[in-house]
Amino acid sequence: MASPRLAALTSAPLTVAPGRRLPQLAIGLWLYGTSMALQIRGGLGLAPWDVLHEGLTKRTGLSFGTITVIVGALVLLCWIPLRQRPGVGTVLNVVLIGVAVDATLAFLPTPTDLLPRILLLTSGIVLNALAAAIYIGARLGPGPRDGLTTGFCARTGTSLRLVRTVIEVAVLAGGWLLGGTLGIGTVLYALAIGPLTQAFLPRLTWTEVSPRPAS
């Protein structure tokens, strides 16, 4: 049996244990959108992808969630050279995360004191890594952005930590050029998200249990 870390890089058929894996997928995606909103309201610097989303939001006037959906759809085009195949998780990722972030932002106030802003930032980063491991671990197809990471890992054998960090830094540069906001939270996210996700993933990856041999 493949290790949980390697198993997470491959999708399993939807017909296998859907009652276990579909709820895990939906919970992970919703929590991912929630984690984005926590970091936005913290106001201490956004995650690299969200720096890009914010920059595009400023340029277009569209909502943060809408931009998230549009960018997710465009990122799918980058899957072609990696020969990644989208799954139900990929499709739901494009839609559900954008809905979750806009819904959370609608009722989550922006604090003015530093301590609650720090708490929002740190909890958002940890929740982001946890949520990513939850929905990737359901093995119903990674999201567009994480499909880039898992695709490079599967094709090159490079660690999840390194690939994720490189992608985040590249996206950060593009978002900054578009006018996205950088801060200490941006640096912390770029450095921490890879190791945190890699730490959570083995514990949250669904693996099919092989039947016991007849005695």
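The values are calculated or read from the model by the stated rules, or taken from the named source; none is laboratory data. Treat the numbers as computed from the prediction; the structure is a model and nothing was measured. FYI the Cβ positions are ideal-geometry reconstructions off the backbone, even for glycines, and counts take in every protein chain you see. Heavy atoms of the whole protein, side chains included, go into the accessibility calculation; ligands, DNA and RNA do not. Shrake-Rupley method; radii C 1.70, N 1.55, O 1.52, S 1.80 Å.
Of everything in the range 95-128 that is outside any helix (DSSP H, G or I) and open to solvent by less than 60 Å² (accessible area, probe 1.4 Å), the residue that is nearest to W206 (Cα to Cα) is L108. Can you name the residue in the range 59-94 that is assigned to a helix (DSSP H, G or I) and under 15 Å from L140 (Cα atoms) and is also nearest to the chain's Cα centre (by Cα) among such residues? Checking each candidate, the answer is N93. You will find that of V88, V71, V16, V95, the residue that is touching a His at 6+ places or on another chain (Cβ under 7 Å) and at pLDDT below 95 is V71 and no other. Among the listed residues A190, A170, A131, identify the single one that is of a type in the set (A, V, I, L, M), closer than 21 Å to V51 by Cβ, touching an Asp or Glu at 6+ places or on another chain (Cβ under 9 Å) and in a helix (DSSP H, G or I). None of the others qualify; the one that does is A190. In summary, W206 fulfils each of the numbered conditions (1) over 20 Å from W30 (Cα atoms); (2) outside any helix (DSSP H, G or I); (3) among the aromatic types (F, W, Y) with the single exception of condition (1). Of all residues in the range 34-50, none satisfies being under 29 Å from G157 (Cβ atoms), surrounded by fewer than 14 Cβ atoms within 10 Å (Cβ to Cβ), out of contact with any Ser or Thr (no Cβ under 7 Å at 6 or more places or on another chain) and at pLDDT below 95.
Residue under question is A154, and the condition is that it be part of a helix (DSSP H, G or I), more than 19 Å from V75 (Cα to Cα) and small (G, A, S); does it hold? The answer is no for A154. Among the numbered conditions (1) at pLDDT 90 or above; (2) in contact with a helix residue (DSSP H, G or I) (Cβ under 8 Å, 6 or more places away or on another chain), the only one that K58 does not meet is (2).
Hey, could you check the range 147-160 for residues that are in contact (Cβ under 8 Å) with a residue 40 or more places away in the chain and either aromatic (F, W, Y) or out of contact with any Pro (no Cβ under 6 Å at 6 or more places or on another chain) (or both) and say which is surrounded by the most Cβ atoms within 10 Å (Cβ to Cβ)? Going through the qualifying residues, I end up with G147.
All conditions in (1) farther than 23 Å from A170 by Cβ; (2) open to solvent by 50 Å² or more (accessible area, probe 1.4 Å) hold for I134, with the sole exception of (2).
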